[in-house]
Amino acid sequence: ILGVHILGPGASELIAEAVVAMSFGASSEDLARTVHAHPTLAEAVHEAALAVDKRAIHIRNR
């Protein structure tokens, strides 16, 4: 993760997730293996990490 821009409702929750990942040098695999609370916006970060390797659960993998 090189950087993140987030705008809109819930942005603080999502940016916090990205800042922690960037601080620790997390890879998409690290994020994919991390447990995310449900229901939260942070789950979107988890889905995006899974989508890198076409393993997303809630979006169509192409």
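No value in this document is a laboratory result; all are computed from the given coordinates. Source: prediction; values computed, not measured. No Cβ is skipped: glycine too gets one built from the backbone with ideal geometry, and neighbour counts run over all protein chains shown.
Brief remarks follow.
- Between 40, 34, the distinction of being surrounded by 15 or more Cβ atoms within 10 Å (Cβ to Cβ), among the hydroxyl-bearing types (Ser, Thr, Tyr) and in contact (Cβ under 8 Å) with a residue 12 or more places away in the chain belongs to 34 only.
- Filtering 21, 16 for residues that are surrounded by 15 or more Cβ atoms within 10 Å (Cβ to Cβ) and either under 12 Å from the mean Cα position of the chain (by Cα) or not in a loop (DSSP other than H, G, I, E, B) (or both) leaves a single hit, 21.
- Number of the exception - residue 6 against (1) outside any loop (DSSP other than H, G, I, E, B); (2) free of Cβ contacts under 8 Å to residues at least 24 places away in the same chain: (1)
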